[in-house]
Amino acid sequence: MAEWYPLVSTYRSGWDKADFSLHGESYHTDFSDFTIQYDIPEEYAIVSSADDDSKELVTKGTITGSNIKEVYMAIVKGMPMNSAVVDGTEIRVFSNLQDESYEAEYLELAKKALQFFNANIGKYPHKQLDIIMDEGGMEYPGIVTVSQGNTNTFAVVHEMAHQWFYGTVSSNPSYTPWIDEGTTNFATYLFFIKNEKQVPAEVFTTANDNINVAKDKGKIVPSNYSLKEFEPENVFTYSASVYEIPSLKLWALTGNSADRGLDYLKNYYRLYVYKEVDANEWLRYTRAYFKIKDPKTFKNWISF
């Protein structure tokens, strides 16, 4: 239903819209206020972007959201929930009935990630953070979905980091997917390096592997390609160029320093909170922060 329910495009000099893409998010919305009334069958519950979702089975009600890009709403039945409060925010993890084994693990990881991002980037802007364990990973204001399994701990932190880079610092994923995905991936790697004390070479193993697969399967293209410029059949190139190369390049610009990387993200967040960053503005900020005068610094991964 997420792709069926109509979204109002952002209007500037014209409607800012793009064709649907299987690669990534092909829609772009501005910050808005929402009021939604619902009437659902008994025994069901609402899990949404709102800050005050009820723990009880309420069949009728209203949810609201202020200054958010979009609203996510799940209508669920019988999903076990585990919760904890961190820095005044309630984290709730919902699992399906088939496998609840990762629920406690994901909650503990989410608690650490929220504390880390609050302390090192900026305060999480909502009173609730919901994590729904299902078959895929996706971010929405105040709520994320993740798959289940030991290999998906990275995805839990990555989708949470999107609350800062997408949910609060906005960009257009149709034209500049690397701005939110690359920045989010970089923040995620820094969490595992700084907070989990993992060796950087090991943390970036997956990134390097994905890039090597992309080279073997096809080619590496500039990170600042728009969605429509990526070949539909080459998901490896998209993953490498949008997610991994920006992370590795930013890590190199910091001089392999997690502290400097976090300072870069904290200043970026403070400067652009509740604003939209386009390609030229991202480049302007990054050059200014790292005091880069030579434009050739970016020539191997961004084509301006």
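The values are calculated or read from the model by the stated rules, or taken from the named source; none is laboratory data. Just so it is clear, the model here is predicted, and its values are computed rather than measured. Positions of Cβ are generated from backbone atoms using ideal geometry, with glycine treated the same way; all protein chains shown enter the neighbour counts. SASA here: full protein model, heavy atoms, side chains in, ligands and nucleic acids out. Shrake-Rupley method; radii C 1.70, N 1.55, O 1.52, S 1.80 Å.
Things to note:
- Taking all Cα pairs closer than 8 Å and separated by 6 or more residues, the relative contact order of region 123-243 comes to 20 percent.
- In region 22-134, the DSSP beta bridges split such that about 75 percent are antiparallel, to the nearest 5.
- Added length on full extension, which subtracts the Cα-Cα distance from 0.36 nm per residue, Leu271 to Ser32: 84.0 nm
- Its residue count N fixes a reference of 2.2 N^0.38 Å for region 103-261, and the Cα radius of gyration divided by that reference is 1.01.
- Comparing Cα centroids, region 49-118 and region 214-286 end up 29 angstrom apart.
- Reported label for calculated Rg and Dmax of the Cα atoms in Å given (i) 19.2, 63; (ii) 20.3, 63; (iii) 35.4, 108: (i)
- Over the C-alpha trace of region 1-147, radius of gyration and Dmax come out as 16.1, 50 angstrom.
- Pairs from Lys60/Lys112; Lys127/Lys266; Lys17/Lys55 whose Cα-Cα separation, in the structure shown, is over 32 Å: Lys60/Lys112; Lys17/Lys55
- Springs between Cα atoms under 10 Å define the GNM used for the chain, and in it the highest mean-square fluctuation of Met81, Met133, Met160 occurs at Met81.
- Taking the DSSP bridge list for the chain and keeping only pairs wholly inside it, about 65 percent are antiparallel.
- Rounded to the nearest 10 square angstrom, His23 shows an accessible area of 40 square angstrom against a 1.4 Å probe.
- To put it simply, the accessible area of region 109-225 at a 1.4 Å probe is 48 percent carbon and sulfur.
- Antiparallel content of DSSP bridges confined to region 57-207, in %, to 5: 45
- Look at the alpha carbon pairs under 8 Å that are at least 6 residues apart: their mean separation over the length of the chain gives a relative contact order of 15 percent.
- For region 207-258, the solvent-accessible area of protein heavy atoms averages 48 Å² per residue (probe radius 1.4 Å; ligands and nucleic acids excluded).
- Candidate cross-link partners of Lys215 among the aspartates and glutamates, defined by an alpha-carbon separation under 16 Å and a same-chain spacing of 8 or more, comprise Glu231, Glu233, Glu244.
- Between Lys123 and Asn256, the modelled labels are 3.8 nm apart [label points 7 Å from Cα along Cα→Cβ].
- Per-residue packing, averaged as other Cβ atoms within 10 Å, sorts the ranges 175-181, 117-123 into the order 175-181, 117-123, beginning with the highest.
- Structural descriptor for region 1-101: relative contact order 21 percent, calculated from alpha carbon pairs under 8 angstrom and at least 6 residues apart.
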